[in-house]
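Structure record follows, encoded as structure tokens.
The values are calculated or read from the model by the stated rules, or taken from the named source; none is laboratory data. Bear in mind that the values here come from a model prediction, so they are computed numbers and not experimental data. So basically every Cβ, Gly included, is an ideal-geometry build from the backbone, and we count neighbours across all protein chains shown. We work out accessible area using only protein heavy atoms, side chains counted, and drop any ligands, DNA or RNA first. Shrake-Rupley method; radii C 1.70, N 1.55, O 1.52, S 1.80 Å.
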Amino acid sequence: MGAGTMLGAENTAGWEAAPRMTTRYAPGSMTAQAAPVAPEEAEAIFAREFGTPGRAKRLIGERDQNFALTTADGRAVMLKLIHPAEDPAVTDFQTQVLLQVERADPTIPVQRVIRAQDGAADKPVRLADGSTRRLRMVSFLPGRIQRGLPPSLARGRELGEILARIQLALQDFAHPADSHEIAWDISYTDRQRVVVPEIEDPHRRALLVEGLDRFDAIKDAMDKLRRQVVHNDLSYDNVVVDEQNPDRVAGVLDFGDATRTAVVNDLAVACAYNLAEEGDPLDGAIPLVAGFHATRPLLPGEVALLAELTIARMVVRVGITEWRAVRFPENRDYILRTTPMTWRLLEVLLRQSPRQQQDKMMRACDMELSR
């Protein structure tokens, strides 16, 4: 997947509730159907709005219609037609997040918003069928996605530094839609209890309950942590690495799950996607934690909860993917393609000593666990 612009099975802004669920999640763009847009129409929209011809290639996307466009002068860009079920205020929030990162620190390697001829950063456009979608154009980051690569000391540390720099760029950023609810936000881990009855395997069902119980034990403490707008989805599908040197980070993609949540939740998400598959899973995340802390120091209370929040993200991953697999059986194999490894790593983490996990994270930040 060039430039990492393909949206993976876990990149969703919301998920429609099952009838028996008690949840504040509204039916959204993940399950609502939207008519596909042909590459030829994307080319016409691009020529009209940006004043130059281009050749479009459809990219796989879960919600939006995404196209890689090559302009007449050879530039590569990405055209995104936002799913019609997306709240326009949330679309604007995501655009403003990208613009804020660029204003605050233009050296951070993220996609840049490309404005239309009329100066709009995103705008409604009419399609041939008479419907309207919001359009956003962003730069295209060359490289390969991180998925499939083992953890790397150099890449992990650089990734932690970049994530911290993104947070610093967004530290004082606010937007009317910045607190919209994201199903993947660790803050809502306890909502995965509605999935428990749907896990057919009794062993996995017990693991999910155990993980949820662990989250319940820290929820009050987590609610008191620092909060701000964060990226919230530093998965291996949203990290682009250098083709020639995969230990080097080329860029970070996809602010579609950005929201206001705990500062440390953002890091816990990244940790959950950088676990070592052999030995102690947390060893794979330690360079990332160290790089983040060296750039934006964590508070002791945040570090003390980091391992538990990493486990919570794993609970969210298995919960949402299993929930989706039941509702989309025709796409079940794709949705669950990484879930067996996630279950295995979750079990390993749940069998470890919580105090030893805390101590490992503290040592990564040159802190000592109080005895």
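Checked against (1) more than 16 Å from the chain's Cα centre (by Cα); (2) more than 18 Å from Gln100 (Cα to Cα); (3) not charged (D, E, K, R), Gln171 passes all but condition (2).
Is there a residue being open to solvent by 30 Å² or more (accessible area, probe 1.4 Å), more than 23 Å from Glu49 (Cβ to Cβ) and out of contact with any helix residue (DSSP H, G or I) (no Cβ under 7 Å at 6 or more places or on another chain) anywhere in segment 114-135? The answer is no; no qualifying residue exists.
Scanning segment 313-352 for residues that are within 21 Å of Leu288 (Cα to Cα) and in a loop (DSSP other than H, G, I, E, B) yields a single hit, Gln352.
Looking only at segment 180-204, filter to residues that are under 17 Å from Leu345 (Cβ atoms) and part of a helix (DSSP H, G or I); which one of those is most open to solvent (accessible area, probe 1.4 Å)? Residue satisfying both the conditions and the ranking: His203.
Of the residues making up segment 205-222, those that are surrounded by 14 or more Cβ atoms within 10 Å (Cβ to Cβ), in contact (Cβ under 8 Å) with a residue 24 or more places away in the chain and of a type in the set (A, V, I, L, M, F, W, C) are Leu207, Leu208, Leu212, Phe215, Ile218, Met222. For segment 40-65, a residue qualifies if it is modelled with pLDDT of 90 or more and under 26 Å from the mean Cα position of the chain (by Cα), and the qualifying residues are Ala42, Ala56, Lys57. Leu234 meets all of the listed conditions (1) among the aliphatic types (A, V, I, L, M); (2) outside any helix (DSSP H, G or I); (3) more than 15 Å from Ala164 (Cβ to Cβ) but one, namely (3). Among the residues making up segment 238-249, a single one is open to solvent by less than 10 Å² (accessible area, probe 1.4 Å) and either part of a helix (DSSP H, G or I) or basic (Lys, Arg) (or both): Asn238.
Evaluating Leu159 against the criteria (1) closer than 16 Å to Phe292 by Cβ; (2) surrounded by fewer than 18 Cβ atoms within 10 Å (Cβ to Cβ) leaves one unmet condition, (2). The single residue among Ser152, Ser139, Ser131 that is more than 26 Å from Asp242 (Cα to Cα), touching a residue at least 60 places away in the same chain (Cβ under 8 Å) and of a type in the set (Ser, Thr, Tyr) turns out to be Ser131. Among the residues of segment 263-283, at least one is closer than 19 Å to Leu170 by Cα, assigned to a helix (DSSP H, G or I) and not aliphatic (A, V, I, L, M). Which residues, taken from segment 284-301, are outside any loop (DSSP other than H, G, I, E, B) and closer than 14 Å to Gly160 by Cα? Selection gives Gly284, Ile286, Pro287, Leu288, Val289, Ala290, Gly291, Phe292, His293, Ala294, Thr295. Among all positions in segment 320-327, there is no residue which is closer than 30 Å to Arg112 by Cα, aliphatic (A, V, I, L, M) and either modelled with pLDDT of 95 or more or more than 20 Å from the chain's Cα centre (by Cα) (or both). Cβ separations smaller than 6 Å between residues 6+ apart or across chains give the following pairs from segment 317-346 residues that are farther than 16 Å from Val196 by Cα to residues that are outside any helix (DSSP H, G or I) and modelled with pLDDT under 80: Ile335/Ala9. Scan segment 91-107 and give yes if some residue there is closer than 17 Å to Lys123 by Cβ, in contact (Cβ under 8 Å) with a residue 40 or more places away in the chain and assigned to a loop (DSSP other than H, G, I, E, B), otherwise no. There is no residue in segment 91-107 that is closer than 17 Å to Lys123 by Cβ, in contact (Cβ under 8 Å) with a residue 40 or more places away in the chain and assigned to a loop (DSSP other than H, G, I, E, B). Take the conditions (1) touching a strand residue (DSSP E or B) at 6+ places or on another chain (Cβ under 6 Å); (2) assigned to a helix (DSSP H, G or I); Leu79 misses just one of them, which is (2).
Could you check segment 307-341 and list, in sequence order, the residues that are polar (S, T, N, Q) and open to solvent by less than 10 Å² (accessible area, probe 1.4 Å)?
Selection gives Thr310, Thr321, Thr339.
Of the residues making up segment 342-371, those that are of a type outside the set (Gly, Ala, Ser) and open to solvent by 80 Å² or more (accessible area, probe 1.4 Å) are Arg344, Arg351, Arg355, Gln356, Arg363, Asp366, Glu368, Arg371. Within segment 250-272, the set of residues being open to solvent by 10 Å² or more (accessible area, probe 1.4 Å) and modelled with pLDDT of 95 or more comprises Arg260 only. For segment 223-236, which residues satisfy the criterion of being surrounded by 23 or more Cβ atoms within 10 Å (Cβ to Cβ) and not polar (S, T, N, Q)? Within segment 223-236, Val229, Val230, His231, Asp233, Leu234 qualify.
Do we find that Asp92 is of a type in the set (Asp, Glu) and surrounded by fewer than 16 Cβ atoms within 10 Å (Cβ to Cβ) in this structure? Spelling it out, it is not the case that Asp92 is of a type in the set (Asp, Glu) and surrounded by fewer than 16 Cβ atoms within 10 Å (Cβ to Cβ).
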